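Written out below as structure tokens is the structure these notes cover.
The values are calculated or read from the model by the stated rules, or taken from the named source; none is laboratory data. Since the model is a prediction, treat every value here as computed from it, not as a measurement. We place every Cβ from the backbone using ideal geometry, glycine too, and count neighbours over all the protein chains shown.
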Amino acid sequence: MRKVSESEYLNYVPWAKANTANKVYPCSIAEGFQSGDIYVNEEADVETVLFWHYCGFAYISGTVSEIILQEMVNSVCHQDKRRMLLITDSDFAVRFFRKKGEEIGSRIEYEYAGHIISTNTNIDIRKIDSNNINTITGRIIPSFSWKETEFLENGYGYAAFEHELYCGTAFSAAVSSEEIDIGVEVNPDYRGRGIAAALVRKMCVESVLQGKKPVWAHAETNTGSMHTAIRCGFIRKKVNSAIGIKKAE
């Protein structure tokens, strides 16, 4: 597969929007909001585009074939040290990687029902900016899916504080011209107090004001994220497979 130059990325926006598993992450790359790579197979009888996001999520648009999947393992994965987690609704890809013994899980995708929940918390919620971004710690935080300068320019989010102690964050994990994927994480010491819901409410309000649709996704095993999504007005849309691709030795 050929690695596409960034000057060509806009040519692949239609391919990103046509992805059947997810649109916001492929579009975030093709539309130039977030870092990531695009690979294309240009054989005459096969058309395939691979979107590999900065966070490691990968999506295939077009034809899914054994040749393409094998090349992802043998070649593409070695062009960068970051992980590759293929998120797909392709049964063919699942069968291919299951035979190889790869770890396969499920990823639940949600859409927003459009109503804003009410929340009640005395936590101080602030918009993330250059003054507080480095106080945010954890795993699902802006640095998960953004380079810092890109996030401050193209992303947004909110951080919660109590007596100047950081409590949690909700942010745009992926941004496209049409959608915002919301990432959220609360410090374990502050969970169970409605902080996640309050942060997500701010994100939903901001997303709607921007004219973009909030979306949500999580690993099937993450029941905490599931409960937050449902409480905050998200409706389960579909289930994708999430395949952790090991780099070939």
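Annotations for the structure displayed:
- Listing of strands (runs of 3 or more DSSP E) fully contained in the stretch 1-110 that carry 1 or more residues being touching a Gly at 6+ places or on another chain (Cβ under 7 Å): 48-53, 85-88
- Identity of the residue in the stretch 160-193, in contact with a Lys or Arg (Cβ under 7 Å, 6 or more places away or on another chain) and in contact (Cβ under 8 Å) with a residue 60 or more places away in the chain, that ends up farthest from Y54 (Cα to Cα): E178
- Elements of type strands (runs of 3 or more DSSP E) in the stretch 134-249, at least 3 residues being among the aromatic types (F, W, Y) and out of contact with any Leu (no Cβ under 8 Å at 6 or more places or on another chain): none
- Evaluation of S172 against (1) over 18 Å from the mean Cα position of the chain (by Cα); (2) modelled with pLDDT of 95 or more (one fails), failing number: (1)
- Test: T135 is among the polar types (S, T, N, Q), touching a residue at least 12 places away in the same chain (Cβ under 8 Å) and assigned by TED's automatic domain parsing to the domain that holds H227: yes
- Out of V24, V94, sole residue that is of a type in the set (V, I, T) and farther than 21 Å from K147 by Cβ: V94
- The residue list S35, S28, S5 contains one member that is at pLDDT 95 or above, out of contact with any Leu (no Cβ under 6 Å at 6 or more places or on another chain) and buried (at least 17 other Cβ atoms within 10 Å of the Cβ), which is S28.
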